[in-house]
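Here the structure is laid out as structure tokens; the discussion comes afterwards.
The values are calculated or read from the model by the stated rules, or taken from the named source; none is laboratory data. Small disclaimer: the values here were computed from a predicted structure and weren't measured. Using ideal geometry, Cβ is built from the backbone for each residue, glycine included, and neighbour counts are taken over all protein chains shown.
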Amino acid sequence: MKLKSFIGAAGACALAAGVMVGVAGPAAADPAGPSTSINVDGGGSDTTQDVMNAIANDAGYSSWNALNPTTGAAHDLIDTKTTAACTDISRPNGSSEGVAALRRSLSATSTATYPGATWAAGSGCFDFARSSSGPGGNASPQGLLQYIPFALDGVTVAVGPASGADATVIGGTFDLAELQAMYSAGTPAVASNGVTYDPRTDDGLTGTEIHLLIPQPGSGTRNFFAGAMGINATTPPAWVRDTFTPTAGGAAQSVQEHDGTAVRLDHNALMPYSIAQWLSQQSHPAIDRRDGARLQNIGTLSPFDSTGLRLNTQFHPSLVREVYNVISRAAVDAGTSNTLNTIFVGSNPLVGVCSFTGRITEYGFGTIGSRCGVVDPNLRAFATL
């Protein structure tokens, strides 16, 4: 897969300008269809979809949203390539599903599945995956996939609007130990406003009821936050839920990561939220899904730096994370003659992800300097696909 010479003199100048100053462009969204510039497609993480959509659009390849950007539907059908095998395939929603889609694309004998993924394994429909969490338990020295870091994010908790019909009942903040005890053991906690909040009602309510939420299965933020809270992401405690029921009544709904609907409609709810995604949505109204959600301090630490416009990179270490793009290890080993290597490894001055520092900070993420684009042997995963 050779890098196509698609950048003429004028295109190169315009792209370089975007790299240097991070000029704002149109709202990041799904590509119109299969790429005609660089035949590279990726999907997965909601956390990094908007920054990667913008970078991909600048460079000439395709990054697909976790959900349909118009309807909000999960696993609807997209065309990632012009081949029949990659027409009308289900989009992956979240980091785990993005990696599963990549595994399924790379191997005809892949065992990877996700909801709606009925397209043929080995069809090459995806070339990279966006992931907001690392390999975790899938790490392997012989891994056939490589996670490549490109930016820094943090996760804090969010509550609903402060006033109005959808005002939250949660009026204070918690320190990290209190959050961990609530999530892991269901222990009531006294917030900064002096009110006791209790996540369990099965043993008699102590103080004010609080609903502890986590995002949908397959979310990298779910996996990361669960680890920070000391709970199992696959089978969380009974008082930690990935669905919510609106205060005004109605059916239970899934908690979608980095979407404030849950904490707006459930007035007792608290949920994890990417700091970079919140900032990205604040500065790009066309992709704003906050729905009144407000990010909380944890203890004395704010999720924002002193300007209030950037990620606080000195936030709690256990809640700060690298975010990744995932490609085949074979593409890494092929060197710069390979398109994926040129895009994701190192810092190619025209199309390399790490060259787009302006875009990275524009969308709320922190830069990671020479760590960006590094091939870390500890970030290999999946000995079998």
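So here's what we get for this one:
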| quantity | calculated |
| --- | --- |
| Residue among Arg130, Arg104 that alone is basic (Lys, Arg), out of contact with any helix residue (DSSP H, G or I) (no Cβ under 9 Å at 6 or more places or on another chain) and outside any loop (DSSP other than H, G, I, E, B) | Arg104 |
| Hey, Ser110 outside any loop (DSSP other than H, G, I, E, B) and of a type in the set (Ser, Thr, Tyr) or not | no |
| Any hit, the stretch 276-293, residues being in contact with a His (Cβ under 6 Å, 6 or more places away or on another chain) and not small (Gly, Ala, Ser) | yes |
| Cβ pairs under 6 Å, 6+ apart, first in the stretch 239-257 and assigned by TED's automatic domain parsing to the domain that holds Leu213, second among the basic types (Lys, Arg) | Trp239/Arg200 |
| Sole residue being surrounded by fewer than 19 Cβ atoms within 10 Å (Cβ to Cβ) and assigned by TED's automatic domain parsing to the domain that holds Asp266, chosen from Ala191, Ala167, Ala120, Ala158 | Ala167 |
| Criterion violated by Leu340 - all others in (1) of a type outside the set (Gly, Ala, Ser); (2) free of Cβ contacts under 8 Å to residues at least 24 places away in the same chain; (3) surrounded by 14 or more Cβ atoms within 10 Å (Cβ to Cβ) satisfied | (2) |
| Single residue of the stretch 63-79 satisfying the filter (at pLDDT below 95 and hydroxyl-bearing (Ser, Thr, Tyr)) that is surrounded by the fewest Cβ atoms within 10 Å (Cβ to Cβ) | Thr71 |
| Considering residues of the stretch 196-235 that are over 21 Å from Ser131 (Cα atoms), surrounded by 19 or more Cβ atoms within 10 Å (Cβ to Cβ) and not β-branched (Val, Ile, Thr) only, the residue nearest to the chain's Cα centre (by Cα) | Leu212 |
| Any hit, the stretch 367-374, residues being of a type in the set (A, V, I, L, M, F, W, C), buried (at least 18 other Cβ atoms within 10 Å of the Cβ) and part of a loop (DSSP other than H, G, I, E, B) | yes |
| Qualifying residue in the stretch 141-152 (condition: assigned to a loop (DSSP other than H, G, I, E, B) and at pLDDT below 95) | no |
| Number of the exception - Ala121 against (1) under 17 Å from Thr384 (Cβ atoms); (2) among the hydrophobic types (A, V, I, L, M, F, W, C); (3) in contact (Cβ under 8 Å) with a residue 60 or more places away in the chain | (3) |
